[in-house]
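The values are calculated or read from the model by the stated rules, or taken from the named source; none is laboratory data. Source: prediction; values computed, not measured. Methodologically, a virtual Cβ is constructed for each residue, glycine included, from the backbone with ideal geometry; neighbour enumeration extends over all protein chains shown. Heads up: the accessible areas ignore ligands, DNA and RNA and are worked out on the full protein's heavy atoms, side chains in. Shrake-Rupley method; radii C 1.70, N 1.55, O 1.52, S 1.80 Å.
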Amino acid sequence: MGTTSSAARTPSAFSRFAHEYMIVLITIGVFVCATIACTIKFGEPTHFLNIQNMVNILRASSVMGIIALGMAFVIISGNIDLSVGAQMVFVGIASFNVINGLEPSIGPYAAIAVGIVVAMVMSVALSMFCGFIVTKGVVPSFIITLGLSYIYRSLSIFELQSGGINISTKVFQKISNTNLGIVPMPVIYFFIVFAVYLYISRYTVLGRRIFAVGSNAQATRLSGINTDMIKIQAFALLGLTVAIAAVVEGSRMNSMNSSSSGLGYDLNTIAMAVVGGIAMEGGKGNFVNVLFGIIILGMINNVLTIMGMDVYLVNAVKGGIIIAAVLLLRSRGKLN
Amino acid sequence: MENALAMSNITKTFGGVPVLIDVDFTVGKGEIHALIGENGAGKSTLMNILGGVIPRDKGEIELFGEKVEFHTPAEALAKGIAFVHQELNVVNDLTVYENLFLGHELKGKFGKLNKAEMIRRTVEIFERIDVEVDPTVMVRDLQATYKQIIEIAKSVLFNAKLVIMDEPTTSLTQHEVENVFRVMKNLTEQHGVTIIFISHKLKEVVEFCDTFTVLRNGEVIGTQATKTPEGRPVDQADIARMMVGRDVINVEVYKERKEGDILLSVKDLHVPGHVNEISFDLHRGEILGITGLLGDGKEELARAIFGDIRYTSGTMELRGKRINPKQPAAARKFGIGMLPANRKENAIIKDLTVAGNMTIVTLPDYRRGPTLIKSKEYETATLYKERLNIKVQDLHNLIGSLSGGNQQKVVLAKWLIAKPDVMLLCNPTQGVDVGAKNEIYNIVMELAGLGMGIIVTTGEAAEAARICDRLLVMYHGNLQGELDRNNFSEESIMILSTGGHLN
């Protein structure tokens, strides 16, 4: 009854502040802990605490961060995608083949343009196809995308016989390996995608309806809305980010490896979205918070590397921090 | 008579707002005592205090003459107080006996379940309350009425002496309600159990309960027997007046209208297993009721028209043009809207705000270019908030913070904004209190007056009688009969809906 819940809706000023900005508090907490840890280890904090390192954190997070933004839409719509890492490699290989093939005849710039368009069209089409199977087949996206990830990875390895593909033109490397001032281009791309996806989530019909579908698909359908189409479009938004990630990553490395590229990207991007407050049950989330989720995971990866933690232990620490962060966010949920 | 329960001077304040003010509530042993009042009157708060769910600020509770103090529901249960909730807490994928013993399973050596004993005791319990159910059948395969009865059986299993039932009949039809009350009467008369019955349905209160207490704004307005000394039932209109503080039931909501041309023409519509070749016409400005017992196809008929489920044969014509909506999105484009039954599952988008729920259908209308203009959205929402008298402080609040009646008005509003030609209303006043009911009826009248064609599916004969121009009665998926407004009577509706014929 309204009367009983009204008591729960009058929390103290502090808990209301914590409720609104828990993710910011966690970000500051991780930042402070990282600074302290570095100070203890090295006697001074500047290994972690310097502008260049902050830029590094953003650059290292940019490719997965771009995918995490698309992933957020898919999770909000009530689905999940475990195939983004393999799809990025699959799409990247196809696109780079096109670039390498066209470059001698039409020149590097035109070839790269065509290659990027191919990556985007192909990736969006694959994701929409995935959404189509999930909605029309009424099967869990978890299973379908798990299957698709095996297919994409296997086909990529088969095509390159487990090797990699290099891009012949040097021009391609410039996409990711140039700076604007001190800011690397991948960070710029990330913030452009972030701005566009934030806009879609807040100021478009599609954005609102993705939240509605994830919150109550049946009620949304009975509001005269084609809910299957909304879910498929959420997948399309993810497909687009996967294509952008393929180009940015391919350019930064000047290659794409069929067996090692994109490994772990699926769960890492899901973790970014979830630490950023996107609820796995769908319908809830805020893209500004996802930005913080991406930065939190970026800082954790960064500081553990700086501290020289054993590579084999890094994931254990990361896992623990992810669980702690989500538990903190949950306690906020209970307050509500 | 000995008292089962005596609560005195119960006072409770939430954040400075008094919710219960010096409430005295006494229940005699072995009676069915109805606790009634509008949403927000304090019924649930009072019962939650009794059950140890929330603490009280002041007051005393005596249970069978003994002063008690509960801090948790488990303590209350140990003293013989059981709750039967409105939302069925049964697990569909378990059998009847597994549900009954859920959380209290009987175990043998090594924790092995003692199934034989549990089944035996289930049979025994159902015999005691005189109900025939196979204990090993899946609950999924039972009718809603039996699910409710399982909940009641649980309280028998726990040897509850006082059972609190929170709107147990909301989703049941007349016939099933009688079933549930038969079991309740059996409990009180044969086993000396006392029942507190929370309800919005005044008809059930006067027919089946012994005594009623009315709460309004946290205060007891009165406690009375449901029968006068001469043995006549108390007038429902009097009870409603006690609840709301003004006359509501006798208020005439029906208004004469001029009917227009045929708007929707349904011919031989067939949904296998639910709707059997039904034909009817709906005119502009007409309010057409469809009634029948639960599961006799009235919901499915409405859903088929809206494209929510597919019909296998038959045709529909809207404004003389053949239509065949394959999904609700298509029906909406043709100008058909539907307020579905079971608001919580089918209509409420809980993570959106009140305004967000109101504008979800018409969202593309608030764009400039691709961008949603929130001020435009808010403007429309405010307009309809005022038009439908929706009580909400801030349209940016989540929809869940509203009472049932106000939520229903929001759902109605989202379709009114879309201005459909045909509006299907399934159980439009389900879980809505008496005051808000009238407001919804008035809105329906107004819409019909503007030329909308309205189909109302309802399980309540009284509701049909108050607003419908014409009533179709379904039985086992067939159209059993049609009644004009002049010939509405609960008796003839009952005859038709149980498969009989009128002379």
For chain A, what is the calculated [θ] at 222 nm in deg cm²/dmol (nearest 500), taking -39500 (n - 2.57) for each run of four or more DSSP H residues and dividing by its residue count? -26000 deg cm²/dmol
Whole angstrom only: what separates the Cα centroid of the range B:255-326 from the Cα centroid of the range A:212-241? 28
Using the alpha-carbon centroid of each, what span in Å lies between the range B:342-420 and the range B:433-455? 18
With all protein chains present, calculate the accessible area of residue A:47 using a 1.4 Å probe and round the result to the nearest 10 Å². 80
Could you sort A:228, B:469, B:134 by their accessible area in this structure, using a 1.4 Å probe and putting the largest first? B:134, A:228, B:469
Length-normalised contact order of chain A in % [C-alpha pairs under 8 Å, at least 6 apart]: 33
Write down the percent of antiparallel bridges among all DSSP beta bridges whose residues are both part of the protein assembly as shown, to the nearest 5. 60
For residue B:275, the residues 5 or more places away or on another chain with a placed amide H closer than 5 Å to its own amide H are none
Taking +1 at the Cβ of each Lys and Arg and -1 at the Cβ of each Asp and Glu, which of B:445, B:90, B:335 sits farthest along the dipole of chain B towards its positive end, judged by Cα position relative to the Cα centre? B:335
So which of B:43/B:185; B:333/B:376; B:350/B:374; B:58/B:203; A:136/B:419 end up more than 26 Å apart by C-alpha? B:58/B:203; A:136/B:419
Starting from the Cα gyration tensor of the range A:13-335, take the square roots of the eigenvalues, sort them a ≥ b ≥ c, and report rounded, prolate or oblate (rounded when a/c is under 1.5, otherwise prolate if a/b is larger than b/c, else oblate). oblate
Evaluate the charge dipole of chain B about its Cα centre and quote only its size in Debye, nearest 20, assuming +1 on the Cβ of each Lys and Arg and -1 on the Cβ of each Asp and Glu. 1740
If you place +1 on the Cβ of every Lys and Arg and -1 on the Cβ of every Asp and Glu, how big does the dipole about the Cα centre of the range A:13-335 come out, in debye to the nearest 20? 680
222 nm [θ] for chain B, helices only, -39500 (n - 2.57) per DSSP H run of 4+, per residue, to 500? -9500 deg cm²/dmol
In short, the range B:276-318 residues buried by 30 Å² or more of accessible area relative to the isolated chain (1.4 Å probe) are B:308
Would you mind telling me the antiparallel percentage of the DSSP bridges in chain B, rounded to 5? 60
Among A:129, B:462, B:324, flag the residue with its Cα farthest along the positive direction of the charge dipole of the protein assembly as shown, charges on Cβ as +1 for Lys/Arg and -1 for Asp/Glu. A:129
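Explain nothing, just the number: relative contact order of the range B:3-244, from Cα pairs under 8 Å at least 6 residues apart, as a whole percent.
27
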Of the beta bridges DSSP finds with both residues in the range B:3-244, what % are antiparallel, to the nearest 5? 60
Just from the alpha-carbon atoms, what are the Rg and Dmax of the range B:289-497 in angstroms? 17.5, 58
Using the Cα centre of the range B:49-169 as the reference point, and only Cβ charges (+1 on K/R, -1 on D/E), how large is the resulting charge dipole? Debye, rounded to the nearest 20. 480
Enumerate the amide H contacts of residue B:3 below 5 Å, restricted to partners 5 or more residues apart or on another chain; note that Pro and chain-start residues carry no placed amide H. B:29
Along the charge dipole of chain B, which of B:423, B:222, B:126 sits closest to the positive end, that is, farthest toward it, with unit charges on the beta carbon of Lys, Arg, Asp and Glu (+1, +1, -1, -1)? B:423
